[in-house]
Amino acid sequence: MRIGTFVLAAQFPGQGPGEALHRAVRSTEAAEESGLDSVWLAEHHFVPYGVCPSATTLAALLLGRTRRIRVGTAVSVLPNHHPVALAEQAALLHLTSGGRFSLGVGRGGPWVDLEVFGGGLDAYENGFPEALGLVLDWLREARVAGRGERFGFREVAVVPRADELLERPADAVPGASGPEVVVACTSPKSVRLAARQALPMLLGMHCGDEEKAEMVALWRTAAREAGHPPEVVEGAAHVSAGVAQIADGARDATEMLVKAMPGWLRQGLDAHVTVDGRHRVMRDPVAYTELLCGLHPVGPPQLAADRLAATAERTGITRFALLVEGTGDLAATEENVRRLGADVLPLLT
């Protein structure tokens, strides 16, 4: 079982972005001190839901501040990036961190980001497979040319090469020579795309165990159909996102999140603007918080460990990225991380 944190740099009501980013940095340092496996960084634009606009930039800072913990993006939104530029950054972080960087990528949403960065709605609706393919080519080949509908360029040399790492980390993916690539999946189409490339999935915190198990089963079927060997199909290290709040009692933990999270969710999600004016259906913030508390390790250590173990048994997923900043308070977040490492991890070994 590999337990990590999921960092949004969430800006709660009454806070500034600097406070949110400071909490993101401190919680990562606390995660390493507490023996957690990884930190996964979200990327958002123009909304207080998350104030980190560049997950790779924050990853670079955190890799420099830590020595052991794995740092990944969850996710870098491909329609807002040129895939070669993003792959260059991934190779750089992979090499300079000694292989501790994971590149998580996703399609994002139909937000105004697409207008600001010039990708356009087509990049969101149709361009993800081409962009992902170009990222993978860049991380695996010595020379790459763009021959797709969106990205066309002459063959150029890949510098630096992602496979030039001097020493492989202990948790390196078998057979992989560059950074791990993970794909955020929210639909059967994205599951099949990830499976064809044998890339592990990042599954969202809104999904219950049954839905995640169905997506893992679909991934395995699609991976086998793509010709991947059994050891690759069965050994894929998918990641389950969730929420963690450790307290002495289940009611105490739930009350802490229900008190703080709805205000952040209401303020943050309401700020999203669609690029084409399409109607958005927003979740009720209180009901959504209560749903998350019921799905994930929210409560005393034994309950938290039992829920993580149950998810692993039902889905086959043994890697977790857990939101620990749900109170919005720095001291409470650091204590939550400490208890996750000191009180929950020993129950999972």
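Within the stretch 148-201, the set of residues being exposed (fewer than 13 other Cβ atoms within 10 Å of the Cβ) and closer than 23 Å to ASN126 by Cβ comprises GLU149, GLY152, PHE153, SER187, LYS189. Pairs are defined by a Cβ separation below 9 Å, a sequence spacing of at least 6 or placement on different chains, a first member in the stretch 110-121 that is exposed (fewer than 15 other Cβ atoms within 10 Å of the Cβ), and a second member that is of a type in the set (Phe, Trp, Tyr) and not in a helix (DSSP H, G or I); the pairs so defined are VAL116/PHE46.
Does GLY242 fit the bill of being surrounded by fewer than 14 Cβ atoms within 10 Å (Cβ to Cβ), in contact with a strand residue (DSSP E or B) (Cβ under 9 Å, 6 or more places away or on another chain), in contact (Cβ under 8 Å) with a residue 40 or more places away in the chain and not charged (D, E, K, R)?
The answer is no for GLY242.
For the stretch 55-80, name all the residues that are open to solvent by 30 Å² or more (accessible area, probe 1.4 Å) and assigned to a loop (DSSP other than H, G, I, E, B). Result: ARG67, ARG68.
Among residues of the stretch 260-271 that are under 13 Å from ASP329 (Cα atoms) and aliphatic (A, V, I, L, M), those with a beta-carbon under 7 Å from a residue that is open to solvent by less than 10 Å² (accessible area, probe 1.4 Å) and in a helix (DSSP H, G or I) at least six positions away or on a different chain give the pairs MET261/THR289. From the list VAL71, VAL84, VAL25, VAL77, the lone residue that is of a type in the set (Val, Ile, Thr) and touching a residue at least 60 places away in the same chain (Cβ under 8 Å) is VAL84. The one condition from (1) surrounded by 14 or more Cβ atoms within 10 Å (Cβ to Cβ); (2) touching a Ser or Thr at 6+ places or on another chain (Cβ under 7 Å); (3) under 30 Å from PRO17 (Cα atoms) that VAL216 does not meet is (3). Listed by position, the strands (runs of 3 or more DSSP E) enclosed by the stretch 144-258 that each have at least 1 residues that are touching a helix residue (DSSP H, G or I) at 6+ places or on another chain (Cβ under 7 Å) and closer than 22 Å to ALA90 by Cβ are 180-184, 201-203.
Taken together, ARG319, ARG314, ARG283, ARG307 contain a single residue that is modelled with pLDDT under 95, closer than 26 Å to GLU211 by Cα and not aromatic (Phe, Trp, Tyr), which is ARG283.
Filter the stretch 1-19 for residues that are hydrophobic (A, V, I, L, M, F, W, C) and assigned to a strand (DSSP E or B); which is most open to solvent (accessible area, probe 1.4 Å)? For the stretch 1-19, the residue satisfying everything is PHE6. Here ASP276 meets each of (1) free of Cβ contacts under 8 Å to residues at least 40 places away in the same chain; (2) farther than 24 Å from GLU335 by Cα; (3) among the charged types (D, E, K, R) with one exception, condition (1).
Rundown of residues vs (1) among the aliphatic types (A, V, I, L, M); (2) in contact with a strand residue (DSSP E or B) (Cβ under 7 Å, 6 or more places away or on another chain); (3) within 28 Å of ALA85 (Cβ to Cβ), yes/no style:
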| site | (1), (2), (3) |
| --- | --- |
| GLU164 | no, no, yes |
| VAL232 | yes, no, no |
| ALA250 | yes, yes, no |
| LYS259 | no, no, no |
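The values are calculated or read from the model by the stated rules, or taken from the named source; none is laboratory data. The shown structure was predicted, so the numbers you read here are calculated from the model rather than taken from an experiment. Counting neighbours? That spans all protein chains shown, and the Cβs are built from the backbone with ideal geometry, glycine included. Each accessible area value is taken on the protein alone, full model and side chains, heavy atoms only, with ligands, DNA and RNA left out. Shrake-Rupley method; radii C 1.70, N 1.55, O 1.52, S 1.80 Å.
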